[in-house]
1. Which ordering of F206, F192, F49 is given by a fewest-first count of other beta-carbon atoms within 10 Å?
2. List the trypsin sites (Lys or Arg not before Pro) within the stretch 120-192 that fall in a DSSP loop (any state other than H, G, I, E or B) and whose Cβ has at most 10 other Cβ atoms within 10 Å.
3. Grab the beta carbon distance between R195 and Q292, set R0 = 35 Å, and tell me the FRET efficiency rounded to 0.05.
4. I want to check the label-to-label distance for E168 and H89. Put each point 7 Å from Cα in the C-beta direction and report it in nm to one decimal.
5. Please list, in chain and number order, the residues 5+ apart from E298 or on another chain whose amide H is under 5 Å from its amide H, with Hs placed from the backbone.
6. Just to verify a number: FRET efficiency for D101 and A235, C-beta to C-beta distance, R0 = 45 Å, to 0.05?
7. Below 8 Å between Cα atoms, with a sequence gap of 6+, how large is the relative contact order for the chain in percent?
8. Restricting to DSSP loop positions (anything but H, G, I, E, B) with no more than 12 other Cβ atoms inside 10 Å of their own Cβ, which chymotrypsin sites (Phe, Trp or Tyr not before Pro) remain in the stretch 209-309?
Amino acid sequence: MSDPTQPIPIGTFPLPAADGREAERVVVVTGMSGAGKTLALKALEDLGFEAVDNLPLSLLSSLVRPGDGVARPLAIGIDIRTRDFGIEHFLSAIDRLAADDSVALRIVFLDADDDVLTRRYTETRRRHPLAVDRPLIDGIRHERVLVASLRSRPDVTVIDTSNLAPAEFKRMLALRLGLEADRGLVVFVTSFAYRNGLPREADLVFDARFLDNPHYVEALRPLTGRDAAVAAHVAADPAFPAFFDALTNLLAPLLPRFAAEGKSYLTVAVGCTGGRHRSVVVAERLAAWLKQGGARVELRHRELEEGGH
């Protein structure tokens, strides 16, 4: 059986089964209610999957039937709203699928911060399935306890959707599952504000708070690191050249090693106090350096996208 913790590039997904037949591709989408399961299933439909939501666990084995001639891969949504759901029952069903060499299985667990989930339910005026007779936050916390053992499985791909726009979430889902048409490592570069917390998806984090802060220059304060004047100010700090050289010298030997290990994505986060000036300049420069070296790069400025200050 293949290592389920490794992403499968589209060129090898589906995998050959033990008898040489094509393995059936199955993605199980689960996680916290309100974390984005519906959006994930729609995204997988766009990628050619047949999506089935809230499938009763008792019907899972009859739906996944390798060798029945069904060409389309399956995306199955299962969470606490599912009929006959029980965490032990669910884990047993997943274990049976994972042990079947004729199935290429991936499990995606969608998560988000409690306050984000609360806001989503409040804005949509939907009722949490475990908050029928209790406060919303109590239902969310109870669900988190119920699914903790599933989230912690080593073969589960966890995606935190707290700060992801729908388009970015869809791209990340495809990359995390190895469904990108082009092979190779994709580097996500993101700037962020330390005061708003570290990006949960970050693999490598670098601190730019020691650089001279344009926030204290009145003419530069309303601008961002995307503006030439701010970029020039940050780059003029005597510490900047050595810092950037050290950063690129660190990454240069790591990227090919990550790619050789089969890693399909790497998230590099650069932070400063407000996430608008220094970290943005460094992230922009880093993304440009990576692209110049031939890397596939996605650039994001978290606080600018969210209107942070």
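Derivation of every value follows stated rules applied to the coordinates shown; laboratory data play no part. On a predicted model such as this, the values are computed, not experimentally measured, just so you know. Because the Cβ atoms are built from the backbone with ideal geometry, glycine has one as well, and the counts that use them run over all protein chains shown.
1. Ordered by Cβ neighbours within 10 Å, fewest first: F206, F49, F192.
2. Sites meeting the loop and neighbour criteria: R125.
3. 0.65
4. So the two model labels end up 3.8 nm from each other.
5. Residues meeting the amide H criterion: V187, F188, V189.
6. For R0 = 45 Å, the calculated efficiency reads 0.25.
7. 20
8. Of the chymotrypsin sites (Phe, Trp or Tyr not before Pro), the ones in loops of the stretch 209-309 whose Cβ has at most 12 other Cβ atoms within 10 Å are F210.
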